[in-house]
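The block underneath contains the structure these notes are about, expressed in C-alpha cells.
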Amino acid sequence: MPRFAANLSMLFTDVPFLERFARAAKAGFKGVEFLFPYDFPAQRLAEELHRHDLTQVLFNLPPGDFANGERGLAAVPGRQAEFRASVDLAIDYALALGCTRLHAMAGLLADPGQRPAALNCYRENLRYAAERLHAHDLMLLVEPINNRSIPHYILNQQAEAHALVSELGLANLRVQMDFFHAQIMEGDLATTFRRYQATIGHVQIAGVPDRHEPDSGEINYPFLFQLLDDCGYTGWVGCEYQPRGRTEDGLGWMQGIDQG
C-alpha cells in the first residue's frame, strides 16, 4: 500500500514545529513533508530526521512574502532574481535534509491580461530551476492548486500542468497531484491519475470539501489507495490535511496499512 508522509505544517500542530517529528514517528509515519524549512537551521532539522529515522519527502521553494499573501515567485514577472536566489537556498536545504523533491509555487495572477507574460516567466524560471536541481539529482515539481483555497493562483488544472511539463521536456520536472485540489477543480481522479502517471512526481491527500482527514467526504480514498498500488505508484503520499482535532485521534484511516 502507499507510503504516507506526515505534513508537519498541518499535522501535530498542538506542539511546536520541532516536536512534530517525534510525534509523526510515534504515530507510525516513516516520511515527513512540510511547506517551508527556512525558519530553522538545516542542520537542526536534519538532526530531528535522523533521531526519529524519518525521510524528508518534500518541501517548497521560498514563496516570497507568504505572511502577506504571496504564494510563490515562479510565474511573477520582475522577480526572477529573487526566484533564482530562492532556488539556491532550497537546494542547500534539500542536500542537508536528504530531500529529493522540491515544489516551486507559481504565484498569483490578479490581472488575466498579464497571463501570457506570467506564463513566459514561469517557463523561463522552471527551466532555470530544473537545470540547477538536475546537477544535484533533485526533482522539481509544479502543482495545480484550486482557486477556492488560493484565489488567483496561476496553475489550476492537471491537464495544464502536464502540458507544461511536456512542452518544456525537462527530465526532472514533474507534477505534484494533490487529490484535494484536483477533486475541487475537475474530479475524475482515477482516470486523471492513470492518464498522467508518467509525469506525476508526488501525490497528496485530504478530504473534500473541508480538507480534513481522508476518511469522509466525497473522495473514496480506499479505492484510490488501491488504485495507486495497482498502478505501481512507488512514491510517497503526503498527508496535507487539517485534522478535526488531535492528529493521532484521526489516524484510524491509516490503521492496517504497512508503512515499512
Quiz prompt | Qualifying residues in region 160-194 (those that are without any contact (Cβ under 8 Å) to a residue 24 or more places away in the chain and assigned to a helix (DSSP H, G or I)) - the one farthest from Glu240 (Cα to Cα) | solution = Ala163
Quiz item: What do you reckon, is Asn147 assigned to a loop (DSSP other than H, G, I, E, B), open to solvent by less than 50 Å² (accessible area, probe 1.4 Å) and either basic (Lys, Arg) or in contact (Cβ under 8 Å) with a residue 12 or more places away in the chain (or both)?
Solution: no
Exercise. Determine whether region 40-63 contains at least one residue that is open to solvent by 20 Å² or more (accessible area, probe 1.4 Å), part of a loop (DSSP other than H, G, I, E, B) and more than 28 Å from Leu251 (Cα to Cα).
Key: yes
Quiz prompt | Output for region 150-160, where each listed residue is at negative phi, open to solvent by 10 Å² or more (accessible area, probe 1.4 Å) and not aliphatic (A, V, I, L, M) | solution = Pro151, Asn156, Gln157, Glu160
Exercise. Report, by residue number, each residue of region 11-26 that is assigned to a loop (DSSP other than H, G, I, E, B) and either basic (Lys, Arg) or open to solvent by 30 Å² or more (accessible area, probe 1.4 Å) (or both).
Key: Thr13, Asp14, Pro16
Quiz item: Which of the residues that make up region 28-39 are buried (at least 17 other Cβ atoms within 10 Å of the Cβ) and either polar (S, T, N, Q) or more than 17 Å from Met105 (Cβ to Cβ) (or both)?
Solution: Phe29, Lys30, Gly31, Val32
Exercise. May I ask you to say which residue of Leu141, Leu119 is closer than 24 Å to Ile184 by Cβ, open to solvent by 10 Å² or more (accessible area, probe 1.4 Å), at pLDDT 95 or above and outside any loop (DSSP other than H, G, I, E, B)?
Key: Leu119
Quiz item: Within region 204-216, can one find any residue that is closer than 22 Å to Leu73 by Cα and at pLDDT 95 or above?
Solution: yes
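Here is a list: Val208, Val237, Val203. Which entry is aliphatic (A, V, I, L, M), out of contact with any Ser or Thr (no Cβ under 9 Å at 6 or more places or on another chain), in a loop (DSSP other than H, G, I, E, B) and open to solvent by less than 30 Å² (accessible area, probe 1.4 Å)?
Values: Val237 fails: in a loop (DSSP other than H, G, I, E, B); Val203 fails: in a loop (DSSP other than H, G, I, E, B).
Of the residues listed, the single one that is aliphatic (A, V, I, L, M), out of contact with any Ser or Thr (no Cβ under 9 Å at 6 or more places or on another chain), in a loop (DSSP other than H, G, I, E, B) and open to solvent by less than 30 Å² (accessible area, probe 1.4 Å) is Val208.
The values are calculated or read from the model by the stated rules, or taken from the named source; none is laboratory data. Note that the structure is predicted; figures quoted are calculated from it, not measured. Note: ideal-geometry Cβ built from the backbone for every residue, glycine included; neighbour counts use all protein chains shown. Heavy atoms of the whole protein, side chains included, go into the accessibility calculation; ligands, DNA and RNA do not. Shrake-Rupley method; radii C 1.70, N 1.55, O 1.52, S 1.80 Å.
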